[in-house]
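Okay, so here's the structure we're looking at.
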Amino acid sequence: MFQCIVQPRSEFGQRFQDMKGAFTEIRSQFEDHLECLDIRLEQQKGEISDIQDYVKKRADIERKYSKDLDGLSKSMYNKHREILKNEDAPSSTAILRELVKETRKTARNHAVVEEIFGTEMHGRCHKISSDIGRVYKQCREAGVEIQEKVLGVLFELHTKTKIYQTNKETYELAERKLRDAEKEISKLEKEIKPEKREKTKKYTNAQKQLKNRHIRHEDTHGLAIKSQLEYVLCTEAANAAIKKYYKDDLSDLMDCMDLGFHHLLKNVLKMRTSAIENLISSEQEDMDVMAMALGSLDSRKDKTKFLK
């Protein structure tokens with residue numbers, strides 16, 4: 001954005017005005033960048049609010065499903081209580097017995113899932129909303145601090161630029177006066193004979209003036225060189241600060257907000273994964289038990305018991 005190039009006087013003045021405009025533009029961009037963090041926070045809160053709404057509704061469904069399954073289990077058991085307790089019942093009765101037991105177990109499992117969605121995950125979502133607000137505040141404070149440092153470097157560049165411009169103009173003025181004094185000496189040397197020069201007050205005064213202007217020229221030249229070097233070094237520091245801000249700092253601030261949010265989100269969704277895995281494991285056990293019950297079906301024994 002800023003280049004270290006020594007310009008002619010007229011171009012340097014234009015460059016100085018361009019730099020002032022660049023400062024205004026950068027300040028405006030910095031404000032926009034902080035607003036981006038504000039917008040990102042609102043997006044994250046909206047996302048977690050949607051998930052929180054989902055787990056609440058899912059919990060309501062799981063509760064109703066658990067209640068319906070429990071009601072089915074109880075009604076079937078009460079309806080077939082005698083035959084389910086009868087050890088001499090046909091082997092096919094074991095199928096109904098396992099279905100009732102499986103339904104009762106599944107009802108309990110889904111009651112646990114309802115607790116996980118409705119209490120654990122819903123509560124975690126509420127905490128995430130609070131946590132991302134805290135992370136956002138820290139990121140915003142860090143962003144303001146980084147921006148202040150960058151603006152400090154740019155303000156120093158602004159100051160060094162003004163100093164360099166002033167010293168450069170002073171040096172150019174001293175150089176013009178030195179040239180005028182040299183011309184005056186040359187003019188007098190043509191008008192006054194060599195043997196009379198040292199006795200001519202006008203010539204001796206011109207020599208003194210030339211000497212003084214030589215000294216002034218050297219002094220202003222040294223100041224101009226020094227301020228130019230400081231201007232060059234400050235320009236390089238400003239370029240480095242601006243480059244680091246746009247390339248690294250902004251990305252790091254966004255990463256800090258997103259990675260923190262994603263980490264919290266993963267943790268809460270792992271609870272859902274664990275709950276589903278437990279359901280699958282329980283259903284696999286039920287299928288294994290039912291397979292054993294089906295394998296125990298014996299038509300001959302059932303016929304014998306029926307004939308008795």
> Hey, got the dipole for the chain? About the Cα centre, +1 on K and R Cβ, -1 on D and E Cβ, debye to the nearest 20?
Replying inline: 1140
>> Accessible area of the chain with a 1.4 Å probe: how many percent of it is carbon plus sulfur?
In response: 54
>> Expected output is a single nm value to one decimal: the length gained when fully extending between Phe155 and Asn78, i.e. 0.36 nm times separation in residues minus the C-alpha distance. What is it?
In response: 19.2 nm
> Length gain on complete extension for the stretch Asn278 to Lys244, per 0.36 nm per residue less the alpha carbon to alpha carbon distance?
Replying inline: 7.4 nm
>> What is the angle, in °, between the Cα long axis of helix 201-244 and the longest principal axis of the Cα atoms in the chain? Nearest 10 is fine, range 0 to 90.
In response: 10
> So for the chain, taking the charge dipole from beta-carbon charges (+1 Lys/Arg, -1 Asp/Glu), which of Met292, Ile39, Phe117 sits furthest toward the positive end?
Replying inline: Ile39
>> Counting only helical runs of four or more DSSP H residues, what would the 222 nm mean residue ellipticity of the chain come to if each run contributes -39,500 (n - 2.57) and the total is spread over all its residues?
In response: -32000 deg cm²/dmol
> How many Å² of accessible area per residue for the chain, probe 1.4 Å?
Replying inline: 64
> What size of dipole, in debye to the nearest 20, comes out for segment 155-233 about its Cα centre when the only charges are +1 on Lys and Arg C-beta atoms and -1 on Asp and Glu C-beta atoms?
Replying inline: 520
>> What does the extension gain come out to for Leu173 and Gln29, with contour length at 0.36 nm per residue minus their alpha carbon separation?
In response: 47.9 nm
>> If you fit an axis through the alpha-carbon atoms of helix 122-191 and take the longest principal axis of the Cα set of the chain, what angle between them do you get, 0 to 90°, nearest 10?
In response: 10
> Roughly how many Å is it from the Cα centre of segment 140-178 to that of segment 180-216, as a whole number?
Replying inline: 40
>> Which one, His217, Asn267, Ile95, projects farthest toward the positive side of the charge dipole computed for the chain from Cβ point charges (K/R +1, D/E -1)?
In response: His217
>> Taking a cut-off of 27 Å, what percent of all Cα-Cα pairs in the chain are separated by more than that?
In response: 71
>> Output the 0 to 90 degree angle, nearest 10, between the alpha-carbon long axis of helix 250-295 and the longest principal axis computed from the alpha carbons of the chain.
In response: 10
>> Give me the Å³ per residue figure for the convex hull around the C-alpha atoms of segment 109-182.
In response: 65
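The values are calculated or read from the model by the stated rules, or taken from the named source; none is laboratory data. Bear in mind that the values here come from a model prediction, so they are computed numbers and not experimental data. Note that each Cβ is placed from the backbone with ideal geometry, even for glycine, and that neighbours are counted across all protein chains shown. These area figures cover heavy atoms from the full protein model, side chains too; ligands, DNA and RNA do not enter into them. Shrake-Rupley method; radii C 1.70, N 1.55, O 1.52, S 1.80 Å.
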